[in-house]
Amino acid sequence: MWYRSASFILDRQHQQQNDTVTNPDSRPLSPSSSAMATENPNPSISMYYQTRAAHHGVVTSDWLAQAQAAVGGNSDDAVSDNCVSGGDEECKGFSVVDEFNNWRKQPDLAEAVAAIRALASVIRSSQATTMMELEIELKKASDSLKSWDTTSISLTAGCDLFMRYVTRTSALEYEDFNSAKSRLLERAEKFGEISYKARRIIAMLSQDFIFDGCTILVHGFSRVVLEVLRTAAQNKKLFRVFCTEGRPDRTGLRLSNELAKLDVPVKLLIDSAVAYSMDEVDMVFVGADGVVESGGIINMMGTYQIALVAKSMNKPVYVAAESYKFARLYPLDQKDMVPALRPIDFGVPIPSKVEVETSARDYTPPQYLTLLFTDLGVLTPSVVSDELIQLYL
Amino acid sequence: MPDVQSMVNEFVIKLKKRKVEGSKSTAKLTAELLRSFISQQRLPHSNQAGALIDAVKAVGEKLIAANPVELAVGNVVRRVLHIIREEDLSLTTAAVGGLSLAAESDDENDTEQDDHPVLSATAVAAAARNALRPPSLQTLLEDIPHSAVAPPTSSSGGDSEGKSKSADKNSMTRKLKHNVIEAVNELIQEISTCHEQIAEQAVEHIHHNEVILTLGSSRTVMEFLCAAKEKKRSFRVFVAEGAPRYQGHAFAKELAGRGLQTTVITDSAVFAMISRVNMVIVGAHAVMANGGVIAPVGLNMVALAAQRHAVPFVVLAGVHKLCPLYPHNPEVLLNELKSPSELLDFGEFSDCLDVGSGTGSPLLHVVNPAFDYVPPNLVNLFITDTGGHNPSYIYRLIADYYSADDLVVRRKSAS
């Protein structure tokens, strides 16, 4: 465990002293980070979790100001920065990343849908005349998208899925270039529909598992989980929901608001009260930012400990996730992922000598999960790798 | 020839009265009933497969409702539906092949039209193939049009057939039915020979001087053990008696009769004996899609004891016991409460059970559940007709034997 060794900590302290205040690059290793033209200007803050917080979080205004200060007001810079840096490869008046960020601002649009819409706009504005050219162009665009926000798993998975479709679909083989192009565009447009349909399917599949009188623990805010609970409420099921607060962006508050609107009895817990209330809970329901090849999930910080507590008390942990979140990753442990960091508000000023764990997500290994509800059906964790191998091999 | 409908009703009543029990006999009877049902079913000229599927579904629904706990009924109905879909597919792909050939021969006359039919024919074939497979990531982006394409598949096939030859169409009607019945026959054959298939693998699992523990009685386990015995393996069998029905007694008697060294123990002695056991081999009532097992009552206890002493827990199950559903609350929903007469003799507790005395409700209750749910993490190996499988692999078998459409539709109509 090199990152826990004393020399590593010393190195890091040394590095942090050298860093400028405005851009505290705490990534331990960032080789050639400035080499990419469309590199995220501020890699220390996860764009993905910032967006989530903006959409689903309940944040106070002074916290926002703090976060803004921490980011260094880069949201305005980023756009101009991009266009300037994209200049050497002829700035066509638009960039994938901008397009993606525009789509991403819509709160109801899933991340992968935004990615695929962005890639569709690449096809639309493409000057390519052959399939090969288009493929290369798309590859470039998806690579720049992926490197723009390495922390977003569904962005990566969405890009991979679409690229896989473009390169390997047999249906495109017989057609001439223009109709193939329009078919691709049509599919990309419909992906939003697919995503919505997936949520409906998941909600239908999970209904059997929610029985009258049960208590469900949910963590953070997840659109799929909300859809599941909403469908259950519409089906006149009687159940109770425990919502964790979901620090630091407090996405759990948002979920409890939504559930209260549906007249579902809700109880809010602080994140540390999970073990305390686990004996009352019948099942744990979580969403996922990404489902990895081992069948485990990557989700908002705190999911792992909830799963551990649930396992030790023999409660089932159900994951609701759309299949386009399946990602070709195989994290070996918690630190084996691109760090996704975000600012955390502690309410009081933290002395500079105190280190703060700002990671936004954790990895829950498959042995702690009971079942995954996806639009491909109810799956055990081991099925996930099978699906991924079928697709990408 | 007896009326099919009355046959169905008769079987439904039998199921309801629990006159037929045991997954194997139920599965076989269901398959035979469906075979005669299909053979007497009149099919319309267009979209025969769809009509046949609807008809079988309607019957299947009745049968499943008659005894929802007997999962083998539903399994066989789904298998038959899958068979119909498969046969229909193989026929349409053959027809489509002929179609595209015809189009190619046409193309000398008329060039601009030929490009389209060839494409659509291959697309239709691809879509039909996709329809059989369970949904996957691969079809995620492709799958929106396939639902739109699927209904025209059969009708367009019918149209073009009608255009070419009406005699051909007639033969195709008969062909589908014939093929389906042939396949259902194979299924029946498979159900009745599953013991032998499983027993063939016995020598791979049972070794010299081993001690095997089993609970209650199971035909499959009996064949399995005897097959190992026939291959000159010498081993000992502990038989837990399997209260309250004590089928273990008869089982032990038969084993001893076949020349196996047998020891009878009480159910409560399982934990005491498990440290001397090399392997637990049991039969199952049903295997769920997550690898969990619905088994005769008492087996969860055995599984827990086996896990405590790291003894392999092996479940023998014919393919007809694979159920494509996921268990939710299986201890209650997939259980059956049997008559208390198995526990108590008549009149033994009559004073406590007397409803008329005092409060009006009896002080003593007798509950006699038939099944246990063994979660997948307690099972080490499943041995089916097709070989040994890990619990996490069961979903794969289910994907092979059932089509995804049938699970959802069935559940929706059942609820």
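The one condition from (1) open to solvent by less than 10 Å² (accessible area, probe 1.4 Å); (2) within 19 Å of the chain's Cα centre (by Cα) that residue A:277 does not meet is (2).
The residues listed here are B:342, B:331, B:348, B:336; of these, the one that is surrounded by fewer than 21 Cβ atoms within 10 Å (Cβ to Cβ), of a type in the set (Asp, Glu) and within 14 Å of chain A (Cβ to nearest Cβ) is B:331. For the range B:59-71, the set of residues classified as closer than 13 Å to residue B:20 by Cα and over 16 Å from the mean Cα position of the chain (by Cα) consists of B:66 only.
Residue count for the range B:21-58, restricted to those that are under 17 Å from the mean Cα position of the chain (by Cα) and part of a helix (DSSP H, G or I): 15. The condition (being modelled with pLDDT of 95 or more and away from every other protein chain (no Cβ under 14 Å)) is satisfied by just one residue among B:214, B:173: B:214.
Quick one: is residue A:256 of a type in the set (Ser, Thr, Tyr) and over 30 Å from residue A:388 (Cα atoms)? Criteria met by residue A:256.
Listed here are the residues, each with its yes/no results for (1) among the polar types (S, T, N, Q); (2) within 25 Å of residue A:305 (Cβ to Cβ); (3) in contact with a Leu (Cβ under 7 Å, 6 or more places away or on another chain); (4) in the same structural domain as residue A:272 (by TED's automatic domain parsing).
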residue	(1), (2), (3), (4)
A:231	yes, no, no, yes
A:236	no, no, no, yes
A:245	no, yes, yes, yes
A:255	no, yes, yes, yes
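Looking only at the range A:311-318, decide whether some residue is more than 10 Å from chain B (Cβ to nearest Cβ), without any contact (Cβ under 8 Å) to a residue 60 or more places away in the chain and among the small types (Gly, Ala, Ser). Checked against the condition, which is being more than 10 Å from chain B (Cβ to nearest Cβ), without any contact (Cβ under 8 Å) to a residue 60 or more places away in the chain and among the small types (Gly, Ala, Ser), the range A:311-318 yields at least one hit. Can you find, within the range B:194-214, the residue that is surrounded by the fewest Cβ atoms within 10 Å (Cβ to Cβ) among those that are in contact (Cβ under 8 Å) with a residue 60 or more places away in the chain and within 23 Å of residue B:25 (Cα to Cα)? The extreme case among them is B:197. Within the range B:389-415, being open to solvent by less than 50 Å² (accessible area, probe 1.4 Å), modelled with pLDDT of 85 or more and at the interface with chain A (Cβ under 8 Å from one of its Cβ atoms) holds for B:392, B:395. Among the numbered conditions (1) open to solvent by 10 Å² or more (accessible area, probe 1.4 Å); (2) touching a strand residue (DSSP E or B) at 6+ places or on another chain (Cβ under 8 Å); (3) not basic (Lys, Arg), the only one that residue B:257 does not meet is (2). Scanning the range A:109-155 for residues that are closer than 23 Å to residue A:292 by Cβ, open to solvent by 50 Å² or more (accessible area, probe 1.4 Å) and either touching a Leu at 6+ places or on another chain (Cβ under 8 Å) or among the polar types (S, T, N, Q) (or both) returns a single hit, A:150.
Criterion applied to B:291, B:248 was being in contact with a helix residue (DSSP H, G or I) (Cβ under 8 Å, 6 or more places away or on another chain) and surrounded by 23 or more Cβ atoms within 10 Å (Cβ to Cβ), and the one residue passing it is B:291.
Of the set (1) away from chain B (no Cβ under 11 Å); (2) open to solvent by 10 Å² or more (accessible area, probe 1.4 Å); (3) in a helix (DSSP H, G or I), all apply to residue A:338 but (3).
Among the residues of the range A:376-393, not one is in contact with a Leu (Cβ under 6 Å, 6 or more places away or on another chain) and more than 10 Å from every other protein chain (Cβ to nearest Cβ). Would you confirm whether any residue within the range A:354-375 is open to solvent by 60 Å² or more (accessible area, probe 1.4 Å), free of Cβ contacts under 8 Å to residues at least 12 places away in the same chain, more than 11 Å from chain B (Cβ to nearest Cβ) and of a type in the set (A, V, I, L, M)? Yes, because at least one residue in the range A:354-375 is open to solvent by 60 Å² or more (accessible area, probe 1.4 Å), free of Cβ contacts under 8 Å to residues at least 12 places away in the same chain, more than 11 Å from chain B (Cβ to nearest Cβ) and of a type in the set (A, V, I, L, M). The helices (runs of 4 or more DSSP H) found wholly in the range A:93-205 and carrying at least 2 residues that are closer than 24 Å to residue A:390 by Cα, within 17 Å of the chain's Cα centre (by Cα) and touching a residue at least 12 places away in the same chain (Cβ under 8 Å) occupy A:111-124, A:131-148, A:153-168. If you filter the range A:206-228 down to residues that are touching a residue at least 12 places away in the same chain (Cβ under 8 Å), more than 24 Å from residue A:245 (Cβ to Cβ) and not small (Gly, Ala, Ser), you find that the one that is farthest from the other protein chains (Cβ to nearest Cβ) is A:212. Count of the range A:212-262 residues, restricted to those that are crowded, with 21+ Cβ neighbours inside 10 Å, over 22 Å from residue A:342 (Cβ atoms) and in contact with a Phe, Trp or Tyr (Cβ under 8 Å, 6 or more places away or on another chain), is 5.
Of everything listed in (1) open to solvent by less than 10 Å² (accessible area, probe 1.4 Å); (2) among the aliphatic types (A, V, I, L, M); (3) within 14 Å of another protein chain (Cβ to nearest Cβ), the single unmet condition for residue A:185 is (1).
The values are calculated or read from the model by the stated rules, or taken from the named source; none is laboratory data. Note that the coordinates shown come from a computational prediction; the quantities given were computed from them, not determined experimentally. Don't worry about glycine lacking a Cβ; one is built from the backbone with ideal geometry, like all the others, and counts go over all protein chains shown. These area figures cover heavy atoms from the full protein model, side chains too; ligands, DNA and RNA do not enter into them. Shrake-Rupley method; radii C 1.70, N 1.55, O 1.52, S 1.80 Å.
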